[in-house]
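The values are calculated or read from the model by the stated rules, or taken from the named source; none is laboratory data. Here the structure is a predicted model, which is why all the values come from computation and not from measurement. Here the Cβ positions follow ideal geometry from the backbone for every residue, glycine too, while neighbour counts run over all protein chains shown. SASA here: full protein model, heavy atoms, side chains in, ligands and nucleic acids out. Shrake-Rupley method; radii C 1.70, N 1.55, O 1.52, S 1.80 Å.
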Amino acid sequence: MRQNKVPFLQKGRKEARKKIMDNHEVTMDKIVSLCKRRGFVYQSSEIYGGQAGAWDYGPLGVDFKRNIQNAWWKEMTQLHDDVVGLDGAIFMHHTTWEASGHVGHFSDPMIDCTECKARFRADQLIEDYCEKHGVNPGKPVDTMTHEEMKAFIDEHINCPTCGSTNRKYTDVREFNLMFKTHLGPVANDASLVYLRPETCQSIFVDFKNIVQSNRMKVPFGVAQVGKSFRNEIIFKNFIFRTCEFEQMEMEYFCKPGTEDETFERWRKDRWNFYLKYGIKEEHLKWHHHDKLAHYAKDAYDVTYKFPIGFEEIEGIHSRTDFDLSQHMQYSKKDMNYIDQDDGNKKYIPYVIETSAGLNRNFLMFLCEAYEEQNVGTDGKEDYRTVLHLDPRLAPITVAVLPLMKKDGLAEKAKEVQHILKEDYVTDYDVSGTVGKRYRRQDEVGTPFCVTIDYDTINEKKDDGSPNPDFNTVTLRFRDSMEQVRVPVEHLSERIRQEIKNYKRA
Ligand code: ATP
């Protein structure tokens, strides 16, 4: 397998860092560099040269990812009375995937260079070429036949890997993206299992259980977060396209005939979710599917303006009654819903799906938050790297910083941290100047820093008069860098209010 290396990991640290810090735009290299440097994401199996298509989430990454997941979960289940949760198994009976159409249809078009043996996704090869050269292929790439793709590639595209201008390519073939294995000691047809390529099939398969056990009435939705696996032809752009990733999916079951209005409502809801957590509207764009999947009546993607261009973060699909009907046919179990509110009418509900990638959300929120900001005064340049993350998503909410280690300041800081810990993820940092510590917290998006100084611990001023700042701390805000003094007993509540009222400037 080809290694999915990134420039930062290959070159000398200093040289690479200097190069990427030269201009102050956000780039994928800078995000990759920050992720590794500060413990958000590491390349999987790095000491063995790295495993293509797989990444590990470090101490800050795991909290950040979980916060995004929790925000999604809250939005879908807590804020929608009619959506419940499910945590289905990754392994499902192999017939599931025949019924869903994945065994027959879940594939991408691939093409190989016969000279260097490099393999490409034919549609992406064409899209990348057209974007780079400002060429119009004549029709949407996802509606091209294999022969049309092959003809276009033969006519225009030199091999991006070996650079050969001979354009000796294989035919375009379909490549099934599902990983296959066998469960148990005997490898035969009965033990065949697939690693699920999407989480939603367990929602369909469990439809009857959910209706009966929780007395659910159509319309209702079922939300689920979990790992999915796809044997992608190529892995690209850091955690954007990987073989193992997490999806946040929701299937909303509605009465046939109401699917169009339900689709529009969910499109609006999902769009607003991204705005709510700080994505600028001009960085989002709808992409309408010209060619629909075998199950779909309509489909849109929410795309985000990554440094590599607009790319999909979530798909919203009108799936008709395809999945439930297929499972009814293959399992011979009745999947009809009996609508007691409509004269016991029997029907297979229609389905609206919202399917977001957690890892792509992670990358999007990082790109959106990243800024190299000139905070120099008197015309001097002084750049800080800051992540303007929504405080609800930031991996650390409050950092507690004693001005000095000595004179009881460290002990007081630990005491304050102990109070805050019950409510927030905290960090404690004592090394270096306070200014340097602020910068370190800015770089990982910590929205609040609390500094403990001599006023915090001294009841009296030097002249013996009472110190009005006794038992107060400095609360410093990441985005504005403003500082205010807050009594220790009000600190937790003040932070709660600040989180509630947060709006990125
Ligand atoms: P793409 O066209 O980018 O391959 P898709 O249309 O196949 O994506 P869906 O099947 O709609 O994707 O999956 C829903 C979401 O799951 C996507 O919007 C994306 O956020 C995420 N996703 C899909 N494939 C991957 C992958 N290989 N790596 C990371 N996330 C993925």
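Placing HIS388, HIS146 in order of accessible area, with the largest value first and a 1.4 Å probe, yields HIS146, HIS388. Under the simplified labelling scheme, the GLU415-THR114 pair shows an inter-label distance of 8.0 nm, with each label point 7 Å from Cα along Cα→Cβ. Computed extension gain for GLU381 through VAL484, at 0.36 nm per residue and net of the alpha carbon distance, reaches 34.5 nm. Segment LYS217..ASN136, full-extension length gain: 24.4 nm, with 0.36 nm per residue of separation and the alpha-carbon distance subtracted.
Per-residue Karplus couplings for the stretch 297-306, computed as 6.51 cos²θ - 1.76 cosθ + 1.60 with θ equal to phi - 60°, are listed in order as 9, 7, 7, 10, 10, 8, 10, 10, 7, 6 Hz, Gly and Pro entered as x.
Distance from the Cα centre of the stretch 113-185 to that of the stretch 294-334, in angstrom? The stretch 113-185 and the stretch 294-334 have Cα centres spaced 24 Å from each other. Against the criterion of solvent-accessible heavy-atom surface with a 1.4 angstrom probe, ILE457, ILE279 sort, most first, into ILE457, ILE279. Computed over protein heavy atoms with a 1.4 angstrom probe, the accessible surface ordering of THR385, THR446, largest first, is THR385, THR446.
Computed about its Cα centre, the charge dipole of the stretch 176-328 is approximately 240 debye, with only Lys, Arg, Asp and Glu carrying charge at their Cβ. Among beta bridges identified by DSSP and lying wholly in the stretch 349-440, the antiparallel ones come to about 60 percent. Can you compute the FRET efficiency between TYR48 and ASP128 using 1/(1 + (r/R0)^6), with r the Cβ-Cβ distance and R0 = 30 Å? Round to the nearest 0.05. The pair TYR48/ASP128 has a calculated efficiency of 0.50. Distance from the C-alpha centroid of the stretch 472-505 to that of the stretch 356-392: 19 Å, rounded to the whole angstrom.
Based on the reciprocal of the average 1/r between different C-alpha atoms, the Kirkwood radius for the stretch 431-505 equals 13.6 Å.
A 1.4 Å probe, protein heavy atoms only, puts the accessible area of MET328 near 60 Å². With a cut-off of 12 Å between beta carbons, the residues surrounding LYS217 carry a summed charge of -3, where Lys and Arg count +1 and Asp and Glu -1.
Only the Cβ atoms of Lys and Arg (+1) and of Asp and Glu (-1) were treated as charged; on that basis the dipole of the stretch 263-311 about its Cα centre amounts to roughly 140 debye.
Ligands, DNA and RNA excluded, the heavy atoms of ARG496 present near 110 Å² of accessible surface to a 1.4 Å solvent probe. Each label was represented as a point 7 Å from its Cα along the Cα-to-Cβ direction; for THR170 and ASN272 these points are 4.9 nm apart. The residue among SER107, ALA399, HIS182 whose Cα reaches farthest toward the positive pole of the charge dipole of the chain, with charges on the beta-carbon of Lys, Arg, Asp and Glu, is ALA399. Rounded to the nearest 20, the Cβ-based charge dipole of the chain about its Cα centre (Lys and Arg +1, Asp and Glu -1) stands at 1220 debye.
Remark: the HIS182-ASP154 segment gains 6.1 nm on full extension, using 0.36 nm per residue and subtracting the alpha carbon distance. Derived from the Cα gyration tensor, the three semi-axes of the equivalent ellipsoid of the chain are 46, 32, 20 Å, largest first. If you roll a 1.4 angstrom probe over the protein chains with everything in place, what fraction of the accessible area of the stretch 329-424 belongs to carbon and sulfur, to the nearest %? Carbon and sulfur: 44 percent of the exposed surface of the stretch 329-424. When only Cα pairs below 8 angstrom with a gap of at least 6 residues are kept, the chain shows a relative contact order of 12 percent.
Working from label points 7 Å from Cα in the Cα-to-Cβ sense, the ALA89 to HIS283 distance is 4.1 nm. Taking all protein chains as present, what is the carbon and sulfur share of the accessible area of the stretch 27-129, in % to the nearest whole number, probe 1.4 Å? Carbon plus sulfur share of accessible area: 49 percent.
In the full protein context, the stretch 433-505 carries 54 Å² of accessible surface per residue, based on a 1.4 Å probe and ignoring ligands, DNA and RNA. Protein heavy-atom accessible surface, 1.4 Å probe, per residue over the stretch 62-115: 45 Å².
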